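These notes are about the structure you will find just below.
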Amino acid sequence: MSPALPEGALRAIGRTEGDADTLGLLVRDQDTRRFVLLRALLDAAAQAPDTICPPELRHRVVTDWALLEAADRADRAAARSVLLYPLVGPWAQRCLRGLTGAAPGPELRTDLAHLGALAVAAAIRAGLSFTARLTPRGPVLSLPTVGALDVRPGEVHISADKGELTIRQSDAAEVVVQLESGTARSWDPRWRATRTLSPLLPGAAPVPMDDVDPYRTADGSPEPHGLSAAVRVDGPDRTGWAEAWAGVAAELRTGGHQRLTEAAVLLRCLVPLTPPPGSGRTGGSAAHCSGTRREAFGAVLSSRPATPAHFASTLVHELQHTKIAALSAMAPLHHEGPDARYFAPWRPDPRPFDGLLQGAVSHAALADFWQQCALGADRADQRDLAWSEHARRREQVGAVLPVLAGSGALTPEGRVIVNELITLYHRLAESPAPTGHQARARAYVRTARVIWQQRKDSKRL
């Protein structure tokens, strides 16, 4: 067993829990991996042949890196808040693939230019006076954690001095942004400061709601992963998100003492998505989609949930994926291959073993969350909804536990996770859902299995 992973921490994660110290292990490891990735990117740019990274592009990378280093020397915490921002991960991996591939991708030059935006954002946060030139990727210039500007094609010149940011572009009026107490505000309608959601805990940082970063979804499109498209949040939508978020902390607290802690520690930004097809509201609920990305530690992608309770459950669900993915980076949990061949009652398609394991942990967390909500509900309708959700999630987990427990490909760490998952599954039976909810949950899973088998058989014909 990895010495970096105490058994107590593994057992807590397997129970879908984890105190601040346990979560801190995952965070520190992911942060270290981010710095290694960024260093690898810099080295790859220096070593790439001129056909991939021409001298003028390499010089631009070196210049941008120097500004990053200056920001780090001036205020390490401020600069690293930019470098550790979740959406820097997808960008860095994309650049590294372009630099180390046999042939450069058509957007490598534009991708590498985003390093300048990161350097400028870090310099702003560190309070430096500087001048820089940037090449936007598309019609929006994004300065991660700071703000974004609607721009025209072509270079953008930025200077910062004495708490004021001046942005100039040919044939456009300059934009002046006031920098004060961590905010970047301007009366110019082309500028939009980073939008945030209120802190989950007193004294914690607000949660960025990033609807402009060019790397917030894989290649700009999450649809291959079953998600809807990323969206900019304006007007009434902002109010809707704020209203749904306002009750999230209370719902997380109701759903278990560890739920609020894990969200406060792990959630670093939220990427809004458009409502999925079939999202017309019926009975107070709506179709919804959400996801995470391994390379974007701390980011949750989500369409707007219908209620604060569903918003909280989305975080509970997705942050389990965040935890298991981070844990797997420290110590493999299994040696199964990538073949998608397992039945998972929460998906219509076959799943690989890793997806089955991650899904089981996430749905066990949801079963626990909704059970706690049911036990703490004041109103009959809230209690009924929570028991319904709990019963279905627990039944779904029970349907896949035999496959997980019977696998000979689990590592010692993976075996601890599955054993704790089984313990949680049985503990949840100590406060059972009403009989009707249990019966409907069993019928739901039986139907899902029949449909899955029919689809599987039809593909063989």
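Here are some notes:
- Assessment of the stretch 278-294 against the conditions (under 29 Å from residue 329 (Cα atoms), open to solvent by 20 Å² or more (accessible area, probe 1.4 Å), touching a Cys at 6+ places or on another chain (Cβ under 9 Å) and modelled with pLDDT under 95) yields no matching residue.
- Residue count for the stretch 310-328 under the criterion of being small (Gly, Ala, Ser) and either within 16 Å of residue 268 (Cβ to Cβ) or at pLDDT below 95 (or both): the result is 2.
- Applying the criterion of being farther than 15 Å from residue 297 by Cβ and part of a helix (DSSP H, G or I) to the residues of the stretch 15-30, the residue that is least open to solvent (accessible area, probe 1.4 Å) is 22.
- Restricting the stretch 62-99 to residues that are polar (S, T, N, Q) and within 26 Å of the chain's Cα centre (by Cα) leaves a set whose member that is most open to solvent (accessible area, probe 1.4 Å) is 93.
- Some residue of the stretch 187-200 being of a type in the set (Phe, Trp, Tyr), in a loop (DSSP other than H, G, I, E, B), open to solvent by less than 40 Å² (accessible area, probe 1.4 Å) and modelled with pLDDT of 90 or more: no
- Of all residues in the stretch 233-260, none that is farther than 15 Å from residue 317 by Cα and assigned to a helix (DSSP H, G or I) has its Cβ atom under 9 Å from the Cβ atom of a residue that is open to solvent by 70 Å² or more (accessible area, probe 1.4 Å) and acidic (Asp, Glu), 6 or more apart or on another chain.
- Matching entry among 383, 347 (being at negative phi and at pLDDT 95 or above): 383
- Qualifying residues in the stretch 203-229 (those that are at pLDDT below 90 and farther than 13 Å from residue 271 by Cα) - the one least open to solvent (accessible area, probe 1.4 Å): 204
- Search result, residues across the stretch 230-239 that are surrounded by fewer than 14 Cβ atoms within 10 Å (Cβ to Cβ), at pLDDT 85 or above and not charged (D, E, K, R): 239
- When 371, 382 are screened for being surrounded by 16 or more Cβ atoms within 10 Å (Cβ to Cβ) and out of contact with any Cys (no Cβ under 9 Å at 6 or more places or on another chain), only 371 passes.
- Filter result (open to solvent by 20 Å² or more (accessible area, probe 1.4 Å), small (Gly, Ala, Ser) and part of a loop (DSSP other than H, G, I, E, B)) within the stretch 325-368: 337, 340
The values are calculated or read from the model by the stated rules, or taken from the named source; none is laboratory data. All values reported here derive from a predicted model rather than from experimental measurement. Heads up, the Cβs are rebuilt from the backbone with ideal geometry, glycines too, and the neighbour counts pull from every protein chain shown. Accessible surface areas use protein heavy atoms only, side chains included; no ligands, DNA or RNA. Shrake-Rupley method; radii C 1.70, N 1.55, O 1.52, S 1.80 Å.
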